[in-house]
Amino acid sequence: MPAHLFDLTGRVAIMTGGATGLGLGMAEALISMGCTVEIWGRRPKIVEEAAEKIGASFQICDVADKSAVDSAFAKSLATHKAVHGMFANAGIADPRATSLDRDEDAWRRVLAVNVEGVAYCFRAAAVHMRERAKNGDPFGRLIGTSSVASIMGAAYNEHYGASKGAVNSMVRALAVEYGRYGVTVNAILPGFARSEMTEGIFEDEKMMGAVLPRVPMRRLGEPEDYGGIAAYLMTDVAGYHTGQCFTIDGGYSIF
């Protein structure tokens with residue numbers, strides 16, 4: 001039993017999309033609890049600077065490329081000897097537009113990162129976690145970053161909402177498959193929270209005027225608001241919590 005319930009000393013986690021926004025906030029929280037964190041991202045300068053700032057290791061990896069994911073994960077194992085948590089957090093979104101104006105390339109771009117990228121990351125980690133379990137170490141955490149767009153009407157953003165709905169379904173299916181190995185699989189559903197993806201929302205007075213009154217907390221989310229759930233899901237005490245979608249949106253989706 002660890003010194004306290006949220007002591008993550010000895011645990012290793014990978015955070016994709018961990019150089020900015022929610023991924024960086026979650027990575028910082030994990031490190032503060034003693035977890036060793038490796039962040040993955042596509043932009044070398046930004047990823048390296050973020051890793052240095054928070055005391056994490058890093059790799060440059062495009063999660064939409066399965067061979068790149070498999071190679072990066074193999075390097076992670078070579079460095080850290082074990083990976084206990086895979087946070088498939090990397091995601092993209094296109095500018096809002098009507099569904100009738102959405103072309104096939106937009107769908108492919110979003111699905112490649114938000115669905116296939118999550119699947120590739122989960123698969124690479126699950127192979128390792130299952131093997132560890134067979135060797136007497138049954139512990140693993142697969143966590144995907146979804147969105148409230150997956151459970152509410154994401155008008156003018158239907159392909160993004162669909163991609164996140166797929167993540168919700170994926171974690172439920174994998175929770176059933178991997179539970180016998182001590183691996184839990186869950187999704188985090190942020191509401192409107194500050195990140196590169198949502199910069200336009202924070203700067204749009206009309207949009208803020210429509211969104212903010214619907215948030216009971218009367219503010220939009222910040223990266224640090226997601227550190228607690230990330231830390232909890234990595235702990236031993238979360239070992240019976242699987243197949244769930246944790247909505248963290250300041251109450252936005254209540255209405």
| note | Summing +1 per Lys or Arg and -1 per Asp or Glu among the other residues with Cβ less than 13 Å from Lys45's Cβ gives 0
| the chain: angle of helix 158-178 to the longest principal axis, Cα-based, in degrees nearest 10 | 20
| task | With Kirkwood radius over Cα pairs in Å in mind, check (i) 18.3; (ii) 20.3; (iii) 19.1 and report the label derived from this structure. | result | (i)
| request: Take the Cα coordinates of the stretch 34-139, assign each an equal point scatterer, and use the Debye formula without solvent to give log10 I(q)/I(0) at q = 0.09, 0.12, 0.14, 0.20 Å⁻¹. | output: -0.29, -0.49, -0.63, -1.06
| task | Could you look at the chain and say what percent of its accessible area is carbon and sulfur, using a 1.4 Å probe and all protein chains? | result | 54
| request: May I ask you to compute the full-extension gain from Asp103 to His80, defined as 0.36 nm times their residue separation minus their alpha-carbon distance, rounded to one decimal in nm? | output: 4.1 nm
| Listed residues Phe122, Phe202, Phe139, most fluctuating in the chain (Gaussian network, C-alpha, under 10 Å) | Phe202
| Angle in degrees between helix 21-32 and the longest Cα principal axis of the chain, rounded to the nearest 10 | 30
| note | Under a 1.4 Å probe, counting only protein heavy atoms, His4 has an accessible area in Å², nearest 10, of 100
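Based on the alpha-carbon set only, what is the convex hull volume of the stretch 130-255 divided per residue, in Å³?
Details: hull volume 14.5 nm³, N = 126.
Looking at the stretch 130-255, the number lands at 115 Å³ per residue.
Ordering Thr36, Thr9, Thr235 from largest to smallest accessible area (1.4 angstrom probe), what's the sequence?
Thr9, Thr36, Thr235
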| message | For a quick check: with amide H placed at 1.01 Å from N, whose amide H comes under 5 Å from Phe58's, ignoring anything fewer than 5 positions away on the same chain? | response | Ile39
| request: Using only protein heavy atoms and a 1.4 Å probe, report how much of Cys245 is accessible, in Å² to the nearest 10. | output: 40
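For Asp225, Asp249, give the ranking by accessible area with the largest first, probe 1.4 Å. Provide the component values of the computation, followed by the final result.
Values: Asp225 55, Asp249 20 Å².
Solvent-accessible surface, decreasing: Asp225, Asp249.
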| For the stretch 102-113, in order, what is each residue's ³J(HN,Hα) by Karplus, 6.51 cos²θ - 1.76 cosθ + 1.60 with θ = phi - 60°, in whole Hz (x at glycine and Pro)? | 7, 9, 5, 5, 5, 4, 4, 4, 5, 5, 4, 7
| field | Relative contact order (percent, whole number), the chain, Cα cutoff 8 Å, 6+ residue spacing | value | 21
| remark: Two pseudo-spin positions, 7 Å from Cα along C-beta at His4 and at Ser169, lie apart in nanometres by 4.2
| remark: Taking a probe of 1.4 Å and leaving out DNA, RNA and ligands, the chain shows per residue an accessible area in Å² of 47
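The values are calculated or read from the model by the stated rules, or taken from the named source; none is laboratory data. None of these values were measured; they are calculated from a predicted model. Here Cβ is always computed from backbone atoms with ideal geometry, including for glycine, and neighbour counts include all displayed protein chains. Protein only, heavy atoms only, side chains kept; ligands, DNA and RNA dropped before computing areas. Shrake-Rupley method; radii C 1.70, N 1.55, O 1.52, S 1.80 Å.
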